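Colleague: I'd like to ask some things about the structure below.
Only the coordinates and a few stated rules stand behind these numbers; no lab work does. Since the model is a prediction, treat every value here as computed from it, not as a measurement. Neighbour counts run over all protein chains shown; Cβ positions are idealised from the backbone, glycine included.
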Amino acid sequence: MERTDMNLTRRTFLKTSACMAAALSLQRAETARARTNIRLSACDWSMQMTAQPEALGAAQALGLEGVEIAASTGVPDDGLPVAEAETRAAYKEAMERTGVTVSGVALTFHNNTPFARDPRAPEWLASCIDAAEDLGAGVILIPFFFAGDLRDEGGELLADDVDATLERLRDAAPAAEEAGVVLGIENWLSAEENLDIVERVGSDMVRVYYDIGNSTVQGYDVPAEIRLLADQLAPSIHFKDGGGALGDGEVDMEGVAEALEDIAYQGWVTLETAVLDRDRDGSFERNAAFARELLGLG
């Protein structure tokens, strides 16, 4: 080969290498920017402060940016407490004072009063959408566990309950769309089963509220499910790892982090973690530090 050809080959190689390095740098920068759109919150019931505005002050002390609040301490006798102006005023005052956001509102009582069957469920959801919009909360958690499970004891889907759930979500979807509030369904179902439900509802504001701990217990491939759900995920995802600290259980935490990065997830990572040795603050500080390190949040 002539020397001129060798020089051209070397220049081409250097130019290609520089382009590849620049592309890699850009990719890393984009990943870093995406990660800045992940924020940490915690469930108020996990903080042992269910439906208490004071939970926002506790979250501030723990260095968290948000709190997912329960709409009620139990099954409401009448309307939802969070729908009352006085209750919302207390949360707004706490947000202004602490800088901590109400990251979501959870209808936790539906584990005892099934969303699919309780005649009060549509009214509760309608008032919760209004409350969430007023508080600036972007997601409402609708759980389907225990009495509200969408599966029978043999693991088969309860067709009537699924149909009723679809109807109620479809009815509520226009209000959720107008309010800009995502309705997130959380349950024991697989990603495929959940996708079938939300796609049949047909609204971008009805999505899957994913829980990495629950799905691990069910034996699902959690990183694969996260990738499959992708833009059908609610803008909040529960982090827990069995009854211990994050990283000490069976959840593939590294796989979860890689999957969230792959789909460029943006939203809340909400700690629904256990309190160990009766040390709430120490437990949450440890789990928050683990999550920040895992997700590269700085």
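Colleague: Which of Met205, Met253 comes first, and how do the rest follow, when ranked by fewest Cβ neighbours within 10 Å? Could you put the intermediate results ahead of the total?
Modeller: Numbers: Met205 25, Met253 22.
Fewest-to-most Cβ neighbours within 10 Å comes out as Met253, Met205.
Colleague: Modelling each spin label as a point 7 Å along the Cα-to-Cβ direction, I'd like the Ala245/Asp231 distance in nm, to one decimal.
Modeller: Rounded to a tenth, the inter-label distance reads 3.9 nm.
Colleague: Take Asp77, Asp281, Asp44 and order them by how many other Cβ atoms sit within 10 Å, fewest up front.
Modeller: In order of increasing Cβ crowding within 10 Å: Asp77, Asp281, Asp44.
Colleague: At R0 = 30 Å, how high is the FRET efficiency between Arg97 and Arg120 if r is their beta carbon distance? Nearest 0.05 is fine. Let's see the in-between values first.
Modeller: Working: r = 33 Å, r/R0 = 1.11.
Here the calculated transfer efficiency is 0.35.
Colleague: While we're looking at this one, here's another question. Using only the Cα atoms, work out Rg/Rh for the chain, with Rh taken as the Kirkwood radius, to two decimals.
Modeller: Ratio of gyration radius to Kirkwood radius for the chain: 1.08.
Colleague: Check Gly247: other-chain or 5+ apart residues with amide H under 5 Å from its amide H, H built from backbone geometry?
Modeller: none
Colleague: Ranked by Cβ crowding within 10 angstrom, fewest neighbours first, how are Glu153, Glu261 ordered? The partial results should precede the final answer.
Modeller: Numbers: Glu153 6, Glu261 15.
Arranged by neighbour count, lowest to highest, Glu153, Glu261 become Glu153, Glu261.
Colleague: Between Glu133 and Asp252, take the C-beta separation as r, use R0 = 51 Å, and let me know the FRET efficiency to the nearest 0.05.
Modeller: Approximately 0.90, to the nearest 0.05.
Colleague: Using 0.36 nm times the number of residues separating Glu192 and Ala85, minus their current alpha carbon distance, what extension gain do you get? Could you put the intermediate results ahead of the total?
Modeller: Numbers: separation 107, 0.36 × 107 = 38.52 nm, distance 3.93 nm.
Gain on extension, Glu192 to Ala85, equals 34.6 nm.
Colleague: Return the Rg/Rh ratio of region 36-136 with Cα-based radii and a Kirkwood Rh.
Modeller: Values: Rg = 13.4 Å, Rh = 13.7 Å.
That ratio is 0.98, to two decimals.
Colleague: Multiply the residue separation of Asp204 and Arg278 by 0.36 nm, subtract the distance between their alpha-carbon atoms, and state the gained length in nm to one decimal.
Modeller: Answer, rounded to one decimal: 22.6 nm.
Colleague: At 7 Å along the Cα-to-beta-carbon direction for both Asp262 and Ala224, put a label point, then send me their distance in nm to one decimal.
Modeller: 1.0
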